[in-house]
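One structure below.
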Amino acid sequence: MKSQLKSWCNLHKVVIVVGLASIMGLLIGWRDRRLVLYDDVGITLRYAYRLAEGHGWTYNDNDQTNGASSPLYTMILAICRLVGLDLVQSSRMIGVILYAGVVGVASYIAQKIAGVTAGVVAAVLVLTSSGFRAEALSGMETVLSVFLGILVILAIMKERDWVAAVLLGLSLVNKLDAGLLVVVVVFAWWFLRRAFPWKQIVITVGLIAPWFLFSWIYFGSPLPYSMTQKISGENGGGLPSWNTWWMFERLQREGSLPLVFFALVSILLFPFISKSSRSYAASIMVCLTWPLLHFVAFSFVDMGDPYPWYMGSLYVPLAVAASVAIAKICSGSRLISETFRVVGILTMLFVVSGLGLARWGGVGQVINVVRNGHTVDSYEAFELTRYQSGEWLAQNASADEGILTWWGWVAYMAEQSPIA
């Protein structure tokens, strides 16, 4: 009877914490939804619109350029168009819903590994991350990438290998940079099973193979046009010299370095977590190595410009790892406190000073968002001029007049006109 009561209480704790985290994510996401989504969203929306209208995977008539770098997201939006939904509103709402989903799943993973404290801390860390919230609500595919990635981590924690393999395949269809996640998950599977995960890889490859084959036949290459242009330097943009420290500097400006510190502290706790559950340890392994690999790749590979959405995959897995570390230290475990007494004291100092101060601004932003809604900054106001320019051209340009533009919103709003 006592064990059943304890199990019932634990279940309800999980439901309450995760439920509240998700509701807060939905509220904050709804209140902070952008007036104008990122300009690059317009490019994806043009592909989705033309796909839904029967023009094929094209930007212009008779043009087979693989310009939509997120096929899965584009197909989801095309379905929204087919059922009669507005594409801009659909993109905005997908961001809000998936943002809430990411908060809830991150809180659940942390709570299962290290208890209620970890679940609460994970939710707070994600909700107060202005960097992640901006990218999640930007209208781009970033939040879908993170949502699929965090579900992969959840599947590993639950030891649902085939589910994780399916989610990995979908992640690759969404964005090819999910290949970094595939690498770390393969190592996590090997850690769990002590054998190379051939079956899981076959499932993942089986899901991505149809898109690769279609791309090769239809476009002539499975690689997105934007990727080949950025890496080759032929996109006409970029910087004279690539700053390999740009990601670190951005994390520093956002006050996210204490988050990274706590995530790294979880490495010290890895042996203890592994004794408790190898699947929990494998989940923490992915939470650490996925953002690390992403950080290294996008720091050293010149992608034209240090676009903020390249940072999107870092915040949430680091928040999960950091929350586990904080909860384990705060729990006062005798084994941990005796073994890592000095580390524990230093970490607690960082809890009070570093992470507390860094996140206080984020808390203030969240309160302001809930009270007053989204604040339009100068760059978003500039994005509005692009959007309005597209509206004007849509009303005044004839269908046979070509429009020379780099801007996504102009291309989407004037969807009947060819874009040069």
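The values are calculated or read from the model by the stated rules, or taken from the named source; none is laboratory data. Because the structure is predicted, anything quoted here is derived from the model rather than measured. No Cβ is skipped: glycine too gets one built from the backbone with ideal geometry, and neighbour counts run over all protein chains shown. When the accessible area is computed, the model is the full protein with side chains, heavy atoms only, and any ligands, DNA or RNA have been set aside. Shrake-Rupley method; radii C 1.70, N 1.55, O 1.52, S 1.80 Å.
So here's what we get for this one:
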{"item": "Where a residue in region 79-94 is small (Gly, Ala, Ser) and at pLDDT 95 or above and its partner, wherever it lies, is part of a helix (DSSP H, G or I) and surrounded by 14 or more Cβ atoms within 10 Å (Cβ to Cβ), with Cβ under 7 Å and at least six apart", "result": "SER90/LEU77; SER90/CYS80; SER91/VAL41; SER91/LEU45; SER91/LEU77"}
{"item": "Some residue of region 31-45 being hydrophobic (A, V, I, L, M, F, W, C), modelled with pLDDT of 80 or more and open to solvent by 40 Å² or more (accessible area, probe 1.4 Å)", "result": "yes"}
{"item": "Output for region 379-401, where each listed residue is of a type in the set (D, E, K, R) and under 25 Å from the mean Cα position of the chain (by Cα)", "result": "GLU380, GLU383"}
{"item": "Extreme residue, farthest from the chain's Cα centre (by Cα), among residues of region 267-291 that are open to solvent by 10 Å² or more (accessible area, probe 1.4 Å), hydroxyl-bearing (Ser, Thr, Tyr) and under 21 Å from VAL182 (Cα atoms)", "result": "TYR280"}
{"item": "Single unsatisfied condition, PHE147 versus (1) in contact with a Leu (Cβ under 6 Å, 6 or more places away or on another chain); (2) more than 19 Å from VAL173 (Cα to Cα); (3) open to solvent by 10 Å² or more (accessible area, probe 1.4 Å)", "result": "(2)"}
{"item": "Cβ pairs under 8 Å, 6+ apart, first in region 374-386 and open to solvent by 50 Å² or more (accessible area, probe 1.4 Å), second assigned to a helix (DSSP H, G or I) and among the charged types (D, E, K, R)", "result": "HIS374/ARG31"}
{"item": "Given (1) hydrophobic (A, V, I, L, M, F, W, C); (2) over 30 Å from ALA68 (Cβ atoms); (3) buried (at least 18 other Cβ atoms within 10 Å of the Cβ), number of the condition LEU172 does not satisfy", "result": "(2)"}
{"item": "Single unsatisfied condition, GLN111 versus (1) in a loop (DSSP other than H, G, I, E, B); (2) among the polar types (S, T, N, Q); (3) surrounded by 14 or more Cβ atoms within 10 Å (Cβ to Cβ)", "result": "(1)"}
{"item": "Residue within region 340-352 that is at pLDDT below 75, among the small types (Gly, Ala, Ser), open to solvent by less than 60 Å² (accessible area, probe 1.4 Å) and touching a helix residue (DSSP H, G or I) at 6+ places or on another chain (Cβ under 9 Å) present", "result": "yes"}
{"item": "Restricting region 219-265 to residues that are buried (at least 16 other Cβ atoms within 10 Å of the Cβ) and of a type in the set (D, E, K, R), the residue that is modelled with the highest pLDDT", "result": "ARG250"}
{"item": "Conditions (1) within 21 Å of GLY131 (Cα to Cα); (2) at pLDDT 55 or above; (3) open to solvent by 60 Å² or more (accessible area, probe 1.4 Å); (4) among the hydrophobic types (A, V, I, L, M, F, W, C): number failed by LEU357", "result": "(2)"}
{"item": "Any hit, region 72-81, residues being open to solvent by 30 Å² or more (accessible area, probe 1.4 Å), in a helix (DSSP H, G or I), farther than 22 Å from TYR225 by Cα and touching a Leu at 6+ places or on another chain (Cβ under 6 Å)", "result": "yes"}
{"item": "Within region 115-204, helices (runs of 4 or more DSSP H) holding 3 or more residues that are in contact with an Asp or Glu (Cβ under 6 Å, 6 or more places away or on another chain)", "result": "none"}
{"item": "Top-ranked residue of region 305-325 - restricted to ones that are under 23 Å from GLU380 (Cα atoms) and of a type in the set (Gly, Ala, Ser), ranked as surrounded by the fewest Cβ atoms within 10 Å (Cβ to Cβ)", "result": "GLY312"}
